[in-house]
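Here's the structure we're looking at; comments come further down.
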Amino acid sequence: MMKIYILMLLAIVFHITYIQAQTPEENLEKLGITLTEPSEPVANFVNWRRVGNVLYLSGSGARVIGTVGEDLTLEEGYEAARLTGIKIISTLKSAVGDLSNIKQFVRVRGMVNSSPDFYDQPKVINGFSDLMVEVFGEKGKHARAAVGQVALPFNMAVEIEVTVELEDEN
């Protein structure tokens, strides 16, 4: 009987290890997500800046236009944040090559173009946060702010800034 328990425990440990061993690129493929080449900045700044093992990404947004709570629903805002996440992952891939070089997400600042009576900005930015955990696992969890804005550039629904820590270079 003890052998059966040991075999079951080993099988569970192997299964958990196998699931956690998925690379971010493999997770993207499983989710059916294709990354694109990041666009050039629209003004006098860069998409990202590396300082030691920390990578700072400029604010980025998907091409979803409108004000959440007025032109867009909560669900449409959530999807805008998710699409912004895909754009940010594309920028991260461009900056670091292999997404496994990301040690952890440190901080996220999510800005939502909101009507004055819309108070669910955290639920909108969950579209981004949920995707990061789907792709990066525990490394994708982060400290976060989700704030409402009276307007965002180009009338974007969502803009997100990200800070990640990178693995040590050998």
### Task
Select from region 86-140 the residues that are touching a helix residue (DSSP H, G or I) at 6+ places or on another chain (Cβ under 9 Å) and aromatic (Phe, Trp, Tyr) and write down the one among them that is farthest from Thr36 (Cα to Cα).
Phe118
### Task
Collect the residues in region 50-99 that are open to solvent by less than 70 Å² (accessible area, probe 1.4 Å) and of a type in the set (Lys, Arg), keeping them in residue-number order.
Arg82
### Message
If a residue must be open to solvent by 60 Å² or more (accessible area, probe 1.4 Å) and farther than 14 Å from Gly85 by Cα, how many such residues does region 132-142 contain?
### Response
2
#### Entry: The listed residue being open to solvent by less than 70 Å² (accessible area, probe 1.4 Å) and over 18 Å from Ala157 (Cβ atoms), out of Phe105, Phe118, Phe128
Phe105
### Query
Restricting the first residue to region 56-79 and requiring it to be more than 21 Å from Tyr119 (Cβ to Cβ), which pairs with a second residue that is in a loop (DSSP other than H, G, I, E, B) and of a type in the set (S, T, N, Q) meet a Cβ separation below 8 Å and a spacing of at least six or different chains?
Leu57/Asn47; Ser58/Asn47; Ser60/Asn47
### Message
Criterion first (touching a Pro at 6+ places or on another chain (Cβ under 6 Å), more than 15 Å from Val135 (Cα to Cα) and open to solvent by 30 Å² or more (accessible area, probe 1.4 Å)) does Asn47 satisfy it?
### Response
yes
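The values are calculated or read from the model by the stated rules, or taken from the named source; none is laboratory data. As the structure is a computational prediction, the values presented were derived from the model and not from experiment. Please note: Cβ atoms are built from the backbone with ideal geometry, for glycine as well, and neighbour counts cover all protein chains shown. Side chains included, ligands, DNA and RNA excluded: accessible areas come from the protein's heavy atoms. Shrake-Rupley method; radii C 1.70, N 1.55, O 1.52, S 1.80 Å.
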